[in-house]
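*Asks:* Quick one: the structure is below, questions incoming.
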Amino acid sequence: PLTVKTTGKDRVAYFYDADVGSFSYGSSHPMKPHRIRMTHSLIMNYGLYKKMEIYRAKPATKQEMCQFHSDEYIDFLSRVTPDNLEMFQKESVKFNVGDDCPVFDGLYEYCSISGGGSMEGAARLNRGKCDVAINYAGGLHHAKKAEASGFCYLNDIVLGIIELLRYHPRVLYIDIDVHHGDGVEEAFYTTDRVMTCSFHKYGEFFPGTGELRDTGVAKGKNYSVNVPLRDGIDDATYKSVFEPVIGKIMEWYQPSAIVLQCGGDSLSGDRLGCFNLSMRGHANCVSYVKSFGIPTLVVGGGGYTMRNVARTWAFETGLLNNVILDEELPYNDYYEYYGPDYQLDVRPSNMFNVNTPEYLDKVLTGIFTNLESTKF
Ligand code: ZL4
Ligand code: CA
Ligand code: ZN
């Protein structure tokens, strides 16, 4: 008789630091670390603590951070505070701290928590101690070697991938944040040991990079994939692009580990985003990636309508544990945020989808042509 391989026994390691929700970029800044604490409260009150192992990671050390970042940049992050900022005028320009990336109280500690979660998650995957590791305090994909960018200071993703590369010959990075994953792409642009694939809004949108024809350089040629999208993409359309592109990459690249950046700003109703994904459309990406059964590090990212980010990340944490969460939200520490309906779903709006079938066909054909020209 045939042995049926059952899913439903995934070992999930979830990294959460109770301090993370208290950091603040400033009251009017769109990035709110509090959404990670809201997500955690939903996860706990849905009972997912019975399914997975919950850890507080060791904060990343300076030395660990400098596996990617420059010493002088990390040194700056560790020294600068709102009180001594005036003594760092030259450095502030050089390292790009300002309106998008403000210097706030506890900035270095926040970076070390974000980085520690992704590095320890990667290390547990390496040792075969879990099948999935989750760090919603990570996903800060714009940070550069010696520069802050787009609300990101420390690139926890690059640090996590470097850790995975100690054991894995090929790592696939997938990015469903509405913004281009430029920092991760740039870090691995000239290597074939990491394939990066970002889906993002392209055209008059931060950070301005990520066109179809940016595919990598030297050994990395065709190991960077960009999927430029227009406003208003809906669940069915996103699925019709995501599944063929990722399916093809899996077949051709055969990675032994995956990092999935789950930025929640691709959801409908996001304060900064312009896509029209429902919670279930966003989570379909997580299900599809999970279906390949490869060790995966799941990280957070953007997401600026906090109640929707928390709903979606909680639902996705359920999926990763083979649990479908109930539509009725459980009572939790932030219950009042979810009124007036107190339901789990994030629903799409009636916004217009500017991604025509002809446009998407051009994008898919371009990507497949690049992939097929590559010998893996
Ligand atoms: C804000 O209200 O497009 C920052 C940023 C701070 C508070 C008060 C300061 C007001 C919107 C954004 C002045 C702010 C001017 N405050 C910001 C070109 C820009 C230069 C900076 O999801 N101004 C830069 C970055 C993007 C730009 C998006 C996404 C991160 C991620 C992963 C990063 N930067 C124009 C903006 C506000 C602010 C209101 C803002 N910044 C919106 N989009 C940007 O991919 C985590
Ligand atoms: Ca993206
Ligand atoms: Zn984003």
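*Asks:* On the given criteria, is GLY208 within 16 Å of ligand 2 (Cβ to nearest atom), buried (at least 22 other Cβ atoms within 10 Å of the Cβ) and assigned to a loop (DSSP other than H, G, I, E, B)?
*Replies:* Answer is no for this residue.
*Asks:* Which of (1) surrounded by fewer than 24 Cβ atoms within 10 Å (Cβ to Cβ); (2) closer than 18 Å to ASP235 by Cα is the odd one out, the single condition CYS262 does not satisfy?
*Replies:* It fails just one condition, (1).
*Asks:* Restricting to the range 164-188, what's the tally of residues that are surrounded by fewer than 24 Cβ atoms within 10 Å (Cβ to Cβ) and under 23 Å from TYR16 (Cα atoms)?
*Replies:* Summing the residues that are surrounded by fewer than 24 Cβ atoms within 10 Å (Cβ to Cβ) and under 23 Å from TYR16 (Cα atoms) in the range 164-188 gives 0.
*Asks:* In the range 161-185, how many are away from ligand 1 (no atom under 16 Å from the Cβ) and outside any helix (DSSP H, G or I)?
*Replies:* Matching residues across the range 161-185 total 8.
*Asks:* Which one is farthest from GLN254 (Cα to Cα) among residues in the range 277-292 that are touching a residue at least 60 places away in the same chain (Cβ under 8 Å) and out of contact with any helix residue (DSSP H, G or I) (no Cβ under 6 Å at 6 or more places or on another chain)?
*Replies:* The selected residue is ARG280.
*Asks:* How about the range 137-160: which of its residues are crowded, with 24+ Cβ neighbours inside 10 Å, within 16 Å of ligand 2 (Cβ to nearest atom) and either in a loop (DSSP other than H, G, I, E, B) or not aliphatic (A, V, I, L, M) (or both)?
*Replies:* GLY138, GLY139, LEU140, HIS141, HIS142, ALA143, CYS152, ASN155, ASP156
*Asks:* Under the condition of being farther than 13 Å from VAL178 by Cα and within 20 Å of the chain's Cα centre (by Cα), which residue from the range 222-233 is surrounded by the fewest Cβ atoms within 10 Å (Cβ to Cβ)?
*Replies:* Once the filter is applied, the top-ranked residue is SER224.
Quick note: the coordinates plus some simple rules give every number you see, no bench work behind them. Here the structure is a predicted model, which means the values were calculated and not measured. Here the Cβ is made from the backbone with ideal geometry for all residues, glycine too, and neighbour counts use every protein chain on show.
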